[in-house]
Amino acid sequence: MGYRFPVVLQVPPAFFGTNVGDFEAWSFQKNQWKQIAIQVDERNSEGSYVLEHGQPFTKDTDNGFVDANDELSILGRQLGDLFEKAKVPFHIVKRLEKLQRLDVCVDESYVGSVLIGASVSTTAKVSWKPIYDHANQRVDTPAYRYDFNRTKPMLVGNVFLKSGGKEWPVFADSTFIMPIIPKIWILPGTTVDESDFQSEIECWRSGPVRSIVAVGAKMKKFFSLVQLHLFSELVFYEDFFQIPTQIEMIFDATSFLDFGSGLAYVLRFPPGGSWKISSNLAELPPTTKDLSRGKNQLVQTAEQVSPNGEFRAWGSRDEGSFLAQVHVDSKALGLVPPPFLVRESMFDAAPWKNGWGWLRGIKGNLGVFLDISRVRKGTYDFTLDLMLSHQANDGFTDFRPVNSEWQNL
């Protein structure tokens, strides 16, 4: 029994109007009841998390009571056995109201249940250790350590995998690049990267299940084609973290941008820390002409290749494994081609450097590129998941969306 990843759900209507701090969760394991960690995070009407600390950009943008925007999260490994109402002891019933049983399945396979309610007791809840230390700009969990890039926190920082009482470096550095190629030949192409932004950690929340750190990035120079909010709300769990990129297209890209305009994430490994890379992504073609002329097999849309918008690359060695998973915005799925894998050998290879200007001068070990020249006017969310495991050759095949069913008790 159990599930090694967190369970994140929308709060059901039965709890609407409940104070976000009044939730409790209990797990029934081996015929014993145990209070477990639960977290409810508010999202405001714009979809941003309502964070508590730092610069108060979102602190008071919601009312502190649960509604349809908000998210509930628990640790999957703390899910317990299935139970009936009669099994819930009186000492739990008397301290909770709005009792609900949450049953969780992954790919139709049952993985566990948990009791959730709104607390009416002042008794102390589960104690927990925050995983985000703002003073040191560090996330520290039993599985990994993440040190923010202090000068450019919008980039992936240094990441260390914990195993056998030791720490193994996984990622040493990263780069974000956005090449822009206008269709109008008299306009020059340009490349936006992290040097064009000034970024800082603005606000955060460290809870019992996850920590959310908001990083603001501002353009250092005037740039009218797109408005970018990069890596705006990083979400850290025990075993993985998510890096969202929000791009607001203020015009129809299909009218102004040519093939090869898009987003690229480049990850670097520490010296001597190479990984065996495998992926279900097609490799980046040598030139952008292969995209426009239909020579590449992935001229089809991302949705035709992966209807759920998930694309993966794996890294493995004796000490453990990592998964880099890209999520394509649901509105863009039917418009853009699937993301392309950029292998280490391509960064220095003449065909790619000549065919993709942004590769010149860039050193990297693993990259993912997504062409956005076919999106319409609007706001799109693209997310990069980075997951860590102590298992060599871990396929992360059990990292799948969960199905939930709520039972009123």
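Results, tabulated for the structure shown:
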item	result
Within a Gaussian network of the chain (alpha carbon springs, distance under 10 Å), most fluctuating of L99, L388, L341	L99
Length released on extending from H91 to K59, taking residue separation times 0.36 nm less the Cα-Cα span	8.0 nm
Karplus-derived HN-Hα couplings along the stretch 249-262 (A = 6.51, B = -1.76, C = 1.60, θ = phi - 60°), whole Hz, x at Gly and Pro	8, 8, 8, 7, 4, 4, 8, 10, 9, 9, 4, x, 7, x
Unit Cα scatterers, Debye sum, the stretch 132-389: log10 I(q)/I(0) for q = 0.07, 0.11, 0.14 Å⁻¹	-0.23, -0.59, -0.97
Flagged links, alpha-carbon separation over 30 Å, of K129/K276; K183/K353; K85/K331; K183/K276	K129/K276; K85/K331; K183/K276
Two-site label geometry, S345 and Q137: point separation in nm, points 7 Å out along Cα→Cβ	3.7 nm
Zone residues, the stretch 379-398, relative to S330, backbone N less than 14 Å from point 7 Å out along Cα-to-Cβ	380-382
Hull-based mean projected area of the stretch 309-409, where the convex hull spans the alpha carbons, in square nanometres	10.2 nm²
Estimated FRET transfer efficiency (Q300, S278; beta-carbon r; R0 25 Å; 0.05)	0.70
The stretch 71-111 pair-distance distribution - Cα-Cα, 5 Å bins, rounded %	5, 15, 25, 25, 19, 8, 3, 0
Nonlocal amide H pairs with D252, under 5 Å, H built at 1.01 Å	K377
Relative contact order of the chain, defined on C-alpha pairs under 8 angstrom at six or more residues apart (%)	16 percent
FRET efficiency estimate (nearest 0.05) - Cβ-Cβ, D103 to W128, R0 25 angstrom	0.55
Sparse-neighbourhood loop sites, trypsin sites (Lys or Arg not before Pro) in the stretch 123-214 - DSSP loop, at most 11 other Cβ within 10 angstrom	R150
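No value in this document is a laboratory result; all are computed from the given coordinates. Being a predicted model, the structure only gives us computed values, none of them experimental. Ideal geometry is used to build each Cβ from the backbone, glycine not excepted, and the neighbour counts take in all protein chains shown.
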